[in-house]
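> For reference, the structure I am asking about is given below.
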Amino acid sequence: MSKTSVLQYLDAQALVDAARSRFVDVVTAAQAERGFASVVLTGGGTGIALLQALREDSGSIDWGKVDIYFGDERFLPSGDPERNEVQASEALLDHVDVHPDRVFRMAASDGPHGSDPEVAAATYAQILHSGSEGEPTPRFDVHLLGMGGEGHINSLFPHTDAVREQHRFVVAVEDSPKPPPVRITLTLPAVRRAQHVWLLVSGANKADAVAAAVGGADSDDVPSAGALGTESTVWFLDAGAASKLDTV
């Protein structure tokens, strides 16, 4: 049965340090059990800070045996600094011994599939399926998530078709309320295929959404409320993000 934990830290740095240590433990345990691990990375300030921390100290992780996916991506030209994969590469991937064939990036708007985000989303769904031994997606060991002030995760925003998607695992978003408007995102059904879902949230401006999600809000209103792992869901919160929890 899946368990939800809410972990509170004094500040964002303590949050990142704790998540780094736990990430190392989960990934190395997966590698010891079956020879590799599968993780989904996120963008955002706290998510990128975690990748930077892993760059400094990733324990005994064998990066050559980690399959790396992305929770969402801005549908922008390759190399654009706003793309999550560019930021992840600068923070971590360019500095550890990842195998290039095991880093599964979402298509850029100037990529081989053209400028159609629907085609790009369908292509990424095929990539997930091809790496999952016949299942629709891998059983991710960890899916990392940030959260916006209104509760969005990946590019799943409140009251949108994307957050309401029940069947597809990857969809295009063409009217994101946060720029840039065109994105590709994993959906809640994909998130829920991860063994461990971790939400890394810092800042008092997110406290209301944290309290609502932890308190059982509808995912249509607060998308992060729908992010659940098959084994565990962990909220890593700094003091500001946790400040409204006593009002739940």
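The values are calculated or read from the model by the stated rules, or taken from the named source; none is laboratory data. Nothing here was measured: the structure is a model prediction, and the numbers come from that model. Positions of Cβ are generated from backbone atoms using ideal geometry, with glycine treated the same way; all protein chains shown enter the neighbour counts. Surface areas here come from the heavy atoms of the whole protein model, side chains and all, with no ligands, DNA or RNA. Shrake-Rupley method; radii C 1.70, N 1.55, O 1.52, S 1.80 Å.
> I'm checking my understanding of the structure. Among residues of the range 41-63 that are modelled with pLDDT of 95 or more, under 20 Å from the mean Cα position of the chain (by Cα) and outside any helix (DSSP H, G or I), which one is nearest to P138 (Cα to Cα)?
L41
> Test E150 against the criterion of being closer than 21 Å to R34 by Cα, among the acidic types (D, E) and either in contact (Cβ under 8 Å) with a residue 12 or more places away in the chain or exposed (fewer than 15 other Cβ atoms within 10 Å of the Cβ) (or both), and give yes or no.
Values: closer than 21 Å to R34 by Cα: no; among the acidic types (D, E): yes; either in contact (Cβ under 8 Å) with a residue 12 or more places away in the chain or exposed (fewer than 15 other Cβ atoms within 10 Å of the Cβ) (or both): yes.
The answer is no for E150.
> Please work out which residue is modelled with the highest pLDDT, limiting yourself to the range 223-248 and to residues that are part of a helix (DSSP H, G or I) and closer than 13 Å to Q8 by Cα. Even if it seems obvious, please write down each step before you answer.
First pass over the range 223-248, keeping only residues part of a helix (DSSP H, G or I): 223-226, 245-247.
Imposing the further condition that a residue be closer than 13 Å to Q8 by Cα reduces the set to 245-246.
Numbers: L245: 96, D246: 75.
That would be L245.
> For the structure I just gave you, tell me whether L156 is open to solvent by less than 30 Å² (accessible area, probe 1.4 Å), of a type outside the set (S, T, N, Q) and closer than 23 Å to R55 by Cα.
Spelling it out, it is not the case that L156 is open to solvent by less than 30 Å² (accessible area, probe 1.4 Å), of a type outside the set (S, T, N, Q) and closer than 23 Å to R55 by Cα.
> Being open to solvent by less than 10 Å² (accessible area, probe 1.4 Å), under 15 Å from R20 (Cα atoms) and among the aliphatic types (A, V, I, L, M) is the filter here, so list the residues in the range 32-52 that pass it.
V39, V40, L41, L50, L51, listed by residue number.
> Here are some conditions: (1) of a type in the set (A, V, I, L, M); (2) more than 22 Å from N154 (Cβ to Cβ); (3) touching a strand residue (DSSP E or B) at 6+ places or on another chain (Cβ under 9 Å). V24 meets all but one. Which one does it not meet?
(3)
> Turning to a different aspect of this structure: Quick check, is R105 open to solvent by 50 Å² or more (accessible area, probe 1.4 Å), in contact with a strand residue (DSSP E or B) (Cβ under 8 Å, 6 or more places away or on another chain) and free of Cβ contacts under 8 Å to residues at least 60 places away in the same chain?
Judged against the criteria, R105 is a match.
> Separate question: Taking the options V16, V6, name whichever one is surrounded by fewer than 22 Cβ atoms within 10 Å (Cβ to Cβ) and aliphatic (A, V, I, L, M).
V6
> Can you run down the residue pairs with Cβ atoms below 6 Å, 6 or more apart or on separate chains, where the first is in the range 212-226 and over 19 Å from A190 (Cβ atoms) and the partner is assigned to a loop (DSSP other than H, G, I, E, B) and among the aliphatic types (A, V, I, L, M)?
The qualifying pairs are A212/V222; G215/V248.
> Go through the range 26-66 and report how many residues are over 26 Å from R83 (Cβ atoms), without any contact (Cβ under 8 Å) to a residue 24 or more places away in the chain and not hydrophobic (A, V, I, L, M, F, W, C).
Summing the residues that are over 26 Å from R83 (Cβ atoms), without any contact (Cβ under 8 Å) to a residue 24 or more places away in the chain and not hydrophobic (A, V, I, L, M, F, W, C) in the range 26-66 gives 2.
> Next question, about the same structure. If the requirement is being touching a Pro at 6+ places or on another chain (Cβ under 7 Å) and either among the hydroxyl-bearing types (S, T, Y) or assigned to a strand (DSSP E or B) (or both), which of these qualifies: S38, S5, S21?
One residue alone meets the criteria, S38.
> Looking at I127, I184 in this structure, which one is open to solvent by 20 Å² or more (accessible area, probe 1.4 Å) and aliphatic (A, V, I, L, M)?
Numbers: I184 fails: open to solvent by 20 Å² or more (accessible area, probe 1.4 Å).
Within the list I127, I184, the selection yields I127.
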